[in-house]
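What follows is a set of notes on a single structure, which appears directly below.
The values are calculated or read from the model by the stated rules, or taken from the named source; none is laboratory data. Here the structure is a predicted model, which means the values were calculated and not measured. Glycine gets a Cβ as well: all are built from the backbone with ideal geometry, and neighbour counts include every protein chain shown.
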Amino acid sequence: MLKVSPWKGVIRFGKRWKLSPRFHRPFKVLAMVGLQAYKLELPPEMAEIHSTFHVCYLRKCLAEEESVIPLLEILVDENNRCIEEPEAILENKTKVLRRKEIVMVILQSNHHRGSNVTWEAEEGLNRRYPHLFA
């Protein structure tokens, strides 16, 4: 990932001031130039910037490839909240309380990939998503 804070007057990357990004998306490294510089593959909108950077302006991207979600797949409602729709039930278990038994399920969402899943109660999900329990 590329550090963008030194370019405050050159290019704007989204928000300004406190909410401005510190690092810009991951780029492919094309070649190592010398001992402390790398040449990056930059998109066409960053054509006016030189493609060779010192290592102090770079940070290793630790994101897993399967956890990256394309922006075209994300649905947003009128309040700018992400709309998530469950796709399948991965696992279920029965949680025993003092006088009740609650069936809990793990749902695979259309936006969460990888290990970011939670247990949810089945009774509320039955009414909202009956196609998953058929």
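Numerical summary
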{"quantity": "Top-ranked residue of region 83-98 - restricted to ones that are farther than 15 Å from Gly124 by Cα and aliphatic (A, V, I, L, M), ranked as modelled with the highest pLDDT", "calculated": "Val96"}
{"quantity": "Any hit, region 55-70, residues being among the charged types (D, E, K, R) and either at pLDDT 80 or above or touching a His at 6+ places or on another chain (Cβ under 8 Å) (or both)", "calculated": "yes"}
{"quantity": "Condition broken by Met1, with the remaining ones in (1) surrounded by 13 or more Cβ atoms within 10 Å (Cβ to Cβ); (2) modelled with pLDDT of 80 or more; (3) within 22 Å of the chain's Cα centre (by Cα) satisfied", "calculated": "(2)"}
{"quantity": "Those residues of region 99-128 which are assigned to a loop (DSSP other than H, G, I, E, B) and at pLDDT below 85, in sequence order", "calculated": "Asn110, His111, His112, Arg113, Gly114, Ser115, Asn116, Val117, Thr118"}
